[in-house]
Amino acid sequence: MVTYKDTIKKTTTPKRNIKVDCVSIEDGYLVDENGNIAQGIKESLPPGVEEFTIKISVNLPDEDDDE
C-alpha cells in the first residue's frame, strides 16, 4: 500500500537546546560529573533569558527484567 501525507509549510521560532548528560540528584541538587549543573546552564542561556522549561527523559527497564 502506498500512502502519503502533505504538510503545510511551517515557520518555527529559533530555539537553543541545552543538553546535560549523566545528571543525578545529590543532596537535593541536580549534578553531573562536574558538580552542580545550575551555573553551566545559566552560562548557556541566551542573554536576557531567566526562565526556561526542563524536560526529563529516562530509559525505562524492559518489563521482562522484572521476572
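Given the structure, is Thr53 more than 19 Å from the chain's Cα centre (by Cα) and either in a loop (DSSP other than H, G, I, E, B) or of a type in the set (Gly, Ala, Ser) (or both)?
On the way: more than 19 Å from the chain's Cα centre (by Cα): no; either in a loop (DSSP other than H, G, I, E, B) or of a type in the set (Gly, Ala, Ser) (or both): yes.
No, not satisfied.
Applying the selection to the stretch 25-59, what residues are in contact with a strand residue (DSSP E or B) (Cβ under 6 Å, 6 or more places away or on another chain) and of a type in the set (Ser, Thr, Tyr)?
Answer for the stretch 25-59, where residues must be in contact with a strand residue (DSSP E or B) (Cβ under 6 Å, 6 or more places away or on another chain) and of a type in the set (Ser, Thr, Tyr): just Tyr29.
Can you tell me which residue is modelled with the highest pLDDT among those in the stretch 1-37 that are polar (S, T, N, Q) and either in a loop (DSSP other than H, G, I, E, B) or more than 29 Å from Gly48 (Cβ to Cβ) (or both)? Walk me through how you get there before you give the answer.
Quick first cut of the stretch 1-37, residues polar (S, T, N, Q) only: 3, 7, 11-13, 17, 24, 34, 36.
Checking the rest, the ones that are also either in a loop (DSSP other than H, G, I, E, B) or more than 29 Å from Gly48 (Cβ to Cβ) (or both) come to 3, 7, 11-13, 17, 24, 34.
Numbers: Thr3: 72, Thr7: 81, Thr11: 87, Thr12: 86, Thr13: 85, Asn17: 90, Ser24: 96, Asn34: 92.
Result: Ser24.
The values are calculated or read from the model by the stated rules, or taken from the named source; none is laboratory data. Model, not experiment: these values are computed from the prediction. Counting neighbours? That spans all protein chains shown, and the Cβs are built from the backbone with ideal geometry, glycine included.
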